[in-house]
Amino acid sequence: MAMLDVTKLSISFGGLHAVDDFNLNIEKGELYGLIGPNGAGKTTVFNLLTGVYKPTEGIIRLDGKDITGKSTIEINRAGIARTFQNIRLFKDMPVLDNVKAGFHNHYKYSALTGILRLPRYREIENTMDERSMDILKVFDLDKEADLMAGNLPYGKQRKLEIARALATEPKLLLLDEPAAGMNPNETAELMETIRFVRDEFDMTILLIEHDMKLVAGICEKLTVLNFGRTLAQGVTSEVLSDPAVIAAYLGE
Amino acid sequence: MNEKQNNHEIIRRMRRKSLRNSLLNYGIVIVVFAIMQTMIATGHISSLLKGLLVPLCVYVIAALSLNLVVGISGELSLGHAGFMCIGAYTSAFFSNVVGDSMPDLPRFILAILVGAVFAGIFGILIGIPVLRLKGDYLAIVTLAFGEIIKNLLNVLYVGVDSHGLHFSTTSAMDLNMEPTGRQIVKGALGISGTPKNSTFTIGVVLIIITLIVVQNLVNSRSGRAIMSTRDNRIAAESIGIPVTKYKLLAFSVSASLAGVAGVLYAHNLATLNTKKFDYNTSILILVFVVLGGIGNMTGSMIAAVILTALPEMLRFLNNYRMLIYAIVLIVIMLFNWAPASLDFRSRMRERLWKKHGSDAEGGR
């Protein structure tokens, strides 16, 4: 069964069909790319998948479960986590606490337990610290655990966002332009990290990216969007040599 | 294995830092308490200052509670005097009704709980509709709430007789009580004859309890959820944190702590009326929080003490009093927020604690 199964997804804002008849099928463990020119509707697709927008039409199934029209919070609990095109970290919290916030729904104790510092508080905090450090280490952020997230350099902020998303223990990870603003070295390193995350956490990943080198380098399959419509879909090498795709990117 | 220990070292360092910040606040309160008690015992204290001790505790608690909303939850409340008012009235009412049928201390403890619970309930009632909204709505609604509560209590008459409680919003005559009945809430005259249970010691104990509640809440799973909604609401939702629930938690805990401040205030005066609980007081508490450094508990306490005591201490200056007061406000503001001052303080702190990193700012 497909990890993510999207059928006939559409949304219109007034008369504008931002996404129209969008279909997507991602198998478990796949690394899938969503590309297209600016304004093609890629981020809108992410916002539909994560419940920020409610679709006008269509069905979204995650691991066989219908999650169409659910709230962002419910969808995250169902197993989709994301990063943002413009980084959205908890800037005035330490790096470690950003990841611990991600564990919110997995390690629980009540506010009262926290205020009274019952034994359960220490026990769960210890586990959370331990697990958070494990995730931070994957992204080479463990040495900066006590820094404020806002003080991290740009590239590390992007990584921390992925780390935080992973802490919610998702089935599907959505990355919105993870390499934006990175230099070629950082991008190469990021590609390694994304691959590592897929293998290590057995993760299914859908990513939006403009960097063709990254897309061609790590994505097994691609969907190309243009003006809200699907232009091409399939195995990466085939899609990238499709004349229609080249035309959309380079002009005719 | 070496790597693993390194992890632990960072976590230990973070825990030590947060523990030190918390202990610092308890320490300051206890040291000031000890100094004051010594001064009282040796008679080195003016009657003016002595009379100020309980109000100081009231404002410190109010400032700490408001800091939970403004600094930690990132919302603006302009109606904290309203929650103090609820706490003050419900507890004074309780103490008057119970009267001498109960020993002082247990009655006062119950009164504190009554004030805290009622203020908390009102916090939830105000918070449920308003905290769903974004932006300045909360400020406007809380401002209105404070004034509405004040005006409602101004026309409220409550009496008690053998049939139970009687309510009226017109006059004492409309209570229709038995001749033996006792009028408790007298409209604009408020509640009189409240037992004077508030002492400096109890005030300090309540400050410590407030600090424990606020600091332990901030350093817990719920506190992280509250702060994450402050820093980035969209991101918080994306990792499954129910934003409204945690904003409501912070708001209602804060309201109930403000209620405790109100209880302390009410049991320090023979006559309680609503005059003191207007928006000026709400703004004053906000000034404590802003001057003390938003989110900084130590700063809130210090600002509350200085700004409450100062106008009284400066009485001898007569007409220049408010001028000096204003200058002090500006100086504190500069000390707290001017970049040069921030820089200077972080360097001093580094030297004191011998540690690195520029994240040492703030005493959360």
> For the stretch B:210-224, does any single residue satisfy the condition of being more than 30 Å from A:THR168 (Cα to Cα) and either among the hydrophobic types (A, V, I, L, M, F, W, C) or at pLDDT below 90 (or both)?
Replying inline: yes
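For B:ALA119, indicate whether it is at pLDDT below 90 and either in a helix (DSSP H, G or I) or among the hydroxyl-bearing types (Ser, Thr, Tyr) (or both).
On the way: at pLDDT below 90: no; either in a helix (DSSP H, G or I) or among the hydroxyl-bearing types (Ser, Thr, Tyr) (or both): yes.
Criteria not met by B:ALA119.
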> Just one of B:VAL155, B:VAL130 is surrounded by fewer than 16 Cβ atoms within 10 Å (Cβ to Cβ) and more than 19 Å from B:LEU269 (Cβ to Cβ); which is it?
Replying inline: B:VAL155
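Condition check ((1) over 19 Å from the mean Cα position of the chain (by Cα); (2) more than 27 Å from A:GLU74 (Cα to Cα)) across all residues:
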residue: A:ILE135; (1), (2): no, no
residue: A:GLU144; (1), (2): yes, yes
residue: A:ASN151; (1), (2): yes, yes
residue: A:MET182; (1), (2): no, yes
residue: A:PHE196; (1), (2): no, yes
residue: A:ASN226; (1), (2): yes, yes
> Restricting the stretch A:56-73 to residues that are closer than 19 Å to B:ARG233 by Cβ and more than 16 Å from the chain's Cα centre (by Cα), which is farthest from the other protein chains (Cβ to nearest Cβ)?
Replying inline: A:LYS70
>> I need the full set of residues from the stretch A:164-196 which are away from chain B (no Cβ under 11 Å), aliphatic (A, V, I, L, M) and either closer than 22 Å to A:ASN105 by Cα or assigned to a strand (DSSP E or B) (or both), in order please.
In response: A:LEU172, A:LEU173, A:LEU175
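Please find, among A:LYS108, A:LYS100, A:LYS137, the residue that is part of a loop (DSSP other than H, G, I, E, B), within 9 Å of another protein chain (Cβ to nearest Cβ) and among the basic types (Lys, Arg).
Working: A:LYS100 fails: part of a loop (DSSP other than H, G, I, E, B); A:LYS137 fails: part of a loop (DSSP other than H, G, I, E, B).
Answer to the selection: A:LYS108.
Within the stretch B:234-245, how many residues are in a helix (DSSP H, G or I) and within 9 Å of chain A (Cβ to nearest Cβ)?
Residues meeting the conditions: 6.
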>> So, A:ALA179, is that one more than 25 Å from A:ASN98 (Cβ to Cβ), of a type in the set (A, V, I, L, M) and free of Cβ contacts under 8 Å to residues at least 40 places away in the same chain or not?
In response: no
>> So, in the stretch A:114-134, how many residues would count as being within 7 Å of another protein chain (Cβ to nearest Cβ) and farther than 17 Å from A:PHE103 by Cα?
In response: 2
>> When you scan the stretch B:85-101, do you find a residue that is under 30 Å from B:MET227 (Cα atoms) and of a type in the set (Ser, Thr, Tyr), even just one?
In response: no
>> If I ask for residues that are modelled with pLDDT of 90 or more and farther than 19 Å from B:ILE285 by Cβ, which ones from the stretch B:130-152 would you list?
In response: B:ASN151, B:LEU152
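What residue, among those in the stretch A:35-55 that are within 14 Å of chain B (Cβ to nearest Cβ) and among the hydrophobic types (A, V, I, L, M, F, W, C), is surrounded by the fewest Cβ atoms within 10 Å (Cβ to Cβ)?
A:VAL52
Among the residues of the stretch B:255-286 satisfying the criterion of being among the charged types (D, E, K, R) and in a helix (DSSP H, G or I), which is surrounded by the most Cβ atoms within 10 Å (Cβ to Cβ)?
B:LYS276
Could you say whether any residue in the stretch B:35-53 is exposed (fewer than 13 other Cβ atoms within 10 Å of the Cβ), within 13 Å of chain A (Cβ to nearest Cβ) and without any contact (Cβ under 8 Å) to a residue 24 or more places away in the chain?
no
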>> I'm trying to understand the selection: among the residues of the stretch A:76-91, which are touching a residue at least 24 places away in the same chain (Cβ under 8 Å) and closer than 22 Å to A:GLY181 by Cα?
In response: A:ALA81, A:ARG82, A:THR83, A:PHE84, A:GLN85, A:ILE87, A:ARG88, A:LEU89, A:PHE90, A:LYS91
>> Just to be sure I understand the filter: pairs with C-beta atoms under 9 Å, separated by 6 or more residues or on different chains, first member in the stretch A:189-204 and surrounded by 15 or more Cβ atoms within 10 Å (Cβ to Cβ), second member charged (D, E, K, R) and in a helix (DSSP H, G or I). Which pairs pass?
In response: A:LEU190/A:ARG158; A:LEU190/A:LYS159; A:MET191/A:LYS213; A:THR193/A:LYS159; A:THR204/A:ARG198
> Within the stretch A:84-97, how many residues turn out to be more than 8 Å from every other protein chain (Cβ to nearest Cβ) and touching a helix residue (DSSP H, G or I) at 6+ places or on another chain (Cβ under 9 Å)?
Replying inline: 3
> From the residues in the stretch B:246-264 that are under 10 Å from B:SER73 (Cβ atoms) and more than 7 Å from chain A (Cβ to nearest Cβ), which one is nearest to the chain's Cα centre (by Cα)?
Replying inline: B:SER254
> What number of residues within the stretch B:173-212 are buried (at least 23 other Cβ atoms within 10 Å of the Cβ) and within 14 Å of chain A (Cβ to nearest Cβ)?
Replying inline: 1
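The values are calculated or read from the model by the stated rules, or taken from the named source; none is laboratory data. Quick caveat: nothing in here was measured; it's all calculated off a predicted structure. With ideal geometry, Cβ positions are generated from the backbone for all residues, glycine too; neighbour counts draw on all protein chains shown.
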